[in-house]
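None of the figures in this text is laboratory data; all of them are computed from the coordinates on show. Computed from a prediction, not measured in an experiment: that's the story for all the values here. Quick reminder, even Gly has a Cβ in these numbers, built from the backbone with ideal geometry, and neighbours come from all protein chains shown.
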Amino acid sequence: MPLLSRLAEATDERPGAIRVQDRSLSWVELRRAAAAVADDLRGATRVAVPATASLETVVGVVGGLLAGAAVVPVPPDAGPMERDHILRDSGAELLLAVPGTREADSPPLVPLNLARRSDTRHPEPDPAATALILYTSGTTGAPKGAVLSRRAVAACLDGLADSWAWTPDDLLVHGLPLFHVHGLVLGVLGPLRVGSRLRHVGRPHPERYAGAGGSLYFGVPTIWSRIAAQPAAARALRGARLLVSGSAALPEPVFTALAGLTGHRPLERYGMTETLVTVSARADGPRRPGIVGVPLPGVHTRVRDEHGGPLPADGAAMGELQVRGGTLFDGYLNRPDADAATRTADGWFRTGDVATVDPDGAHRIVGRAATDLIKSGGYRIGAGEVEDALLAHPGVREAAVVGTPHPDLGQQVTAYVVGDGVTEAELIDFVARHLSAHKRPRQVRLVGALPRNAMGKVQKTLLTET
Ligand code: MCA
Ligand code: AMP
């Protein structure tokens, strides 16, 4: 079934089906508003959308998809360095002008007016066409654009609908950012494909989740941990059907607290920007702390040792998780070198995550192979990108960035800096202005020297031991 065929055929005029904060559209209104955007985009192959948590973003993204363009969401707080990179690297020909769009150095703007309507029927693009280019951090350098086809997005959402028994009767609630797989693919395109209603609460504050009356809730572990810390908000979720956690490991104490307060054992699932969601617990299956479930329909996984040899599914042998199947991306835009590094000779994608598999097929993510990818609040942050941003400050001579444990965020970005007359606050602010604010170090430790080995390479493990 084509990616947006349910929306394209929609006749449901009931108000409030797709709501972001305090504004909403019916299914038919969304189809007609998005078709008006698509009319303006005809012929464009790549369109950038400033991805604020707003109804404009929903209409802009859907309009781009109806037009058959590849949509490039731009994080709304991306500093100039990151924004310019995304716009230039993606080759976006147009930028949808939602309120707050900055106009300097951007492709031509197309105004986005939610009041417009069109009944144009846009022809369905080839399923192999690109739906989204999502920028994601690697261990070094600027973020890379992961090219995701319409077919891959549809395969992932159909797999999740099956796994979670997600139906048009559901009301999905979340407050996730709309420039990543979690909030945008699962959290916006999911309801549109399944036919369920959506309520995006703007920011993921516990009281907003509590007041939303949903059946299906999405959150990253930081959000679930904050909800568990507010028992009244957590108890308000008792009427829900399914609480889903992903993007980072859900700590066992949070799992247990949520289960006690809400009466629901949270359901964990695992994914990556490059692979979409590949492994998930099932609504009708067991939900155990630390277990991210079983491969979605059409997805295959295997665990390999450091020499590429097979490891048994005995719940103990740890190795790199590798995946293949219909949800995988088509590659990194303009980066064949990076592509080659992530594929095995026999065509499997190397996730870089370390996993075990139980005899019954249940997967457990036990860590990451590389320490230079940090997960903070569910955001993936490359140490190298933050180091480059710090080194652009004239008072910074050397910088090494690591992830350190944080009770709320899972990991926090911690920077070790050798500098001349700089302060911690000044450097945190400097990074927040140049990159997305969530990439800023939460702590900067000013040191006299960085520990290096005989080759001159920074020994990051020694930093975190001090
Ligand atoms: C703070 N802010 C600043 C500064 N300090 N702005 C400028 N300069 C500064 N020095 C601002 C921020 O812009 C933000 O503004 C506000 O302060 C707080 O930001 P932050 O620190 O990020 O908030 P937080 O409360 O600590 O965030 C926790 C969070 C967030 C809500 C859990 O981390 C989050 O939304 N995480 C979700 C990540 C996610 O969706 N990941 C999915 C990728 P403002 O309030 O205006 O924003 S993973 C994925 O897609 C895969 C496939 C998967 O498996 O799901
Ligand atoms: P991103 O590309 O931002 O989606 O980040 C993907 C990474 O998030 C994966 O490679 C994992 O390291 C991590 N991740 C996602 N879901 C989970 C989960 N349920 N448990 C543990 N780690 C996860």
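Just a few scattered comments:
- Protection proxy ranking of 357-365, 186-194 - average other beta-carbon atoms within 10 Å, highest first: 186-194, 357-365
- Residue 314 versus residue 392: modelled label distance in nm, points set 7 Å from Cα along the beta carbon direction: 5.0
- Prolate/oblate/rounded call for region 1-45, Cα gyration tensor, a/c under 1.5 rounded: oblate
- Mean Cβ count within 10 Å, highest first, over the residues of peptides 115-124, 148-157: 148-157, 115-124
- Extension gain for residue 344-residue 300 works out to 14.4 nm (0.36 nm per residue, less the C-alpha to C-alpha distance).
- Rounded, prolate or oblate (a/c below 1.5 giving rounded, otherwise prolate when a/b exceeds b/c) for region 43-159 by Cα gyration tensor: oblate
- Between the C-alpha center of region 137-188 and that of region 60-134 there is a gap of 17 Å.
- The packing ranking of peptides 46-58, 301-313, 207-219, highest mean first, is 46-58, 207-219, 301-313, where packing means the average number of other beta carbon atoms within 10 angstrom of each residue.
- Net lengthening on full extension, residue 462/residue 238 (0.36 nm per residue, minus Cα-Cα): 76.1 nm
- When +1 charges are put on Lys and Arg Cβ atoms and -1 charges on Asp and Glu Cβ atoms, the dipole computed for the chain relative to its Cα centre reaches about 820 debye.
- Here the calculated FRET efficiency for residue 404 and residue 109, from their Cβ-Cβ distance with R0 = 60 Å, stands at 0.90, rounded to the nearest 0.05.
- Each label point was placed 7 Å from the Cα along the Cα-to-Cβ direction; for residue 84 and residue 423 their separation is 2.8 nm.
- Ranking 263, 178, 317 by Cα position along the charge dipole of the chain, where only Lys, Arg, Asp and Glu carry charges on their C-beta atoms, puts 263 farthest toward the positive end.
- Separation of region 206-259 from region 357-427 is 26 Å, based on Cα centroids.
- Residue (of 114, 277, 373) at the positive-pole extreme of the chain, dipole from beta-carbon charges: 114
- Relative contact order for the chain, counting Cα pairs under 8 Å that sit 6 or more residues apart, in percent: 12
- Under 14 Å, Cβ to Cβ, from residue 267 - net charge with Lys/Arg +1 and Asp/Glu -1: +2
- Gain in span if fully extended, residue 26 to residue 11, counting 0.36 nm per residue against the direct Cα distance: 4.5 nm
- Annotation: the residues 348, 166, sorted from fewest to most other C-beta atoms within 10 Å of their own C-beta, follow the order 348, 166.
- Region 224-292, relative contact order in percent, only Cα pairs under 8 angstrom and at least six apart counted: 30
- Cα-based shape type of region 279-342, given that a ≥ b ≥ c are square roots of the gyration tensor eigenvalues and the cut on a/c is 1.5: oblate
- Residue order, fewest to most beta carbons within 10 Å, for 81, 455, 1, 272: 455, 1, 81, 272
- Remark: 381, 86, 428 ranked as 428, 86, 381, counting other beta-carbon atoms within 10 Å and listing the fewest first.
- With contacts taken as Cα pairs under 8 Å and at least 6 residues apart, region 95-162 reaches a relative contact order of 21 percent.
- Cβ-Cβ FRET estimate between residue 288 and residue 370, R0 fixed at 41 Å, reported to 0.05: 0.95
- Extending 7 Å from the Cα toward the beta-carbon at both residue 330 and residue 42 defines two label points whose distance is 2.3 nm.
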